[in-house]
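A short worksheet on the structure shown next.
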Amino acid sequence: MTDQELRDFAADHIYYELLMLHETAMGLKWRKDLDSDFALKNAFIESFTIHARVLALFLYKGPKWDDDVTAEQYVRDVQKWKAERGDIPAELQEVIDRTGKEIAHLTKGRRPPGDPKKGWTIEHVYVLLCKPLHLFLRHADPARLDVRVPAFIQELPPGTTT
């Protein structure tokens, strides 16, 4: 992809993923009406986990398919990016795996109602993604990002590691 194509993709799709991750996390934290609406609350959780999964894969996994877009296409030096970023934290890998098993597919891997491991730690997952997003921003070539993407990431909390 050219720099312009990457910039356009970032404007349309990376920005959307960031926005949806943030808005669903904030909705789950602050919207009191979700507690009384089972379907709406689950829709927020499912949306949050899907967007968290997309961003974790974008940041930590190389392209699996020819048309995949990953952070590697945006950074100036892929080797430096990978070295500083490191491997995916186990907790983010768990988000990827659980979202696939418990939300995106009908599998026997779904947890039954009442299972103490069924719940999601939304705020923790959100903060876990913030640190690699800030790191991505430091490594990204500004010519490849729409201005809204860095502006959005800069407003996120600094994040943490596990």
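The values are calculated or read from the model by the stated rules, or taken from the named source; none is laboratory data. This one's a predicted model, so the numbers in the text were calculated from it and none came from an experiment. Note that each Cβ is placed from the backbone with ideal geometry, even for glycine, and that neighbours are counted across all protein chains shown.
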Pairs, first in contact (Cβ under 8 Å) with a residue 24 or more places away in the chain in the range 39-66, second assigned to a helix (DSSP H, G or I) and hydroxyl-bearing (Ser, Thr, Tyr), C-beta under 7 Å, six or more apart: Ser47/Thr24; Phe48/Thr24; Thr49/Thr99; Ile50/Thr99; His51/Thr24; Arg53/Thr99
Return the only residue of Val149, Val69 being buried (at least 19 other Cβ atoms within 10 Å of the Cβ), modelled with pLDDT of 95 or more, under 17 Å from His13 (Cβ atoms) and within 17 Å of the chain's Cα centre (by Cα). Val149
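I'd like to verify a number: residues in the range 75-85 that are within 18 Å of the chain's Cα centre (by Cα) and either closer than 23 Å to Phe48 by Cβ or surrounded by fewer than 13 Cβ atoms within 10 Å (Cβ to Cβ) (or both), how many? Please lay out each step first, then the result.
Step one: list which residues in the range 75-85 are within 18 Å of the chain's Cα centre (by Cα), which gives 75, 81-82, 85.
The next check asks that each one be either closer than 23 Å to Phe48 by Cβ or surrounded by fewer than 13 Cβ atoms within 10 Å (Cβ to Cβ) (or both); those that pass are 85.
So the count comes out to 1.
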Just one of (1) closer than 19 Å to Ile103 by Cβ; (2) in contact with a helix residue (DSSP H, G or I) (Cβ under 8 Å, 6 or more places away or on another chain); (3) surrounded by fewer than 18 Cβ atoms within 10 Å (Cβ to Cβ) trips up Val54, so point out which. (3)
Which residue pairs have Cβ atoms closer than 7 Å, lie 6 or more positions apart in sequence or on different chains, and pair a first residue in the range 1-19 that is under 16 Å from Phe152 (Cα atoms) with a second residue that is of a type in the set (D, E, K, R) and assigned to a loop (DSSP other than H, G, I, E, B)? Arg7/Asp146; Ala10/Asp146; Ala11/Asp146; Tyr15/Asp146
Take the residues of the range 86-121 that are touching a residue at least 24 places away in the same chain (Cβ under 8 Å) and among the aliphatic types (A, V, I, L, M): which is surrounded by the fewest Cβ atoms within 10 Å (Cβ to Cβ)? Ala90
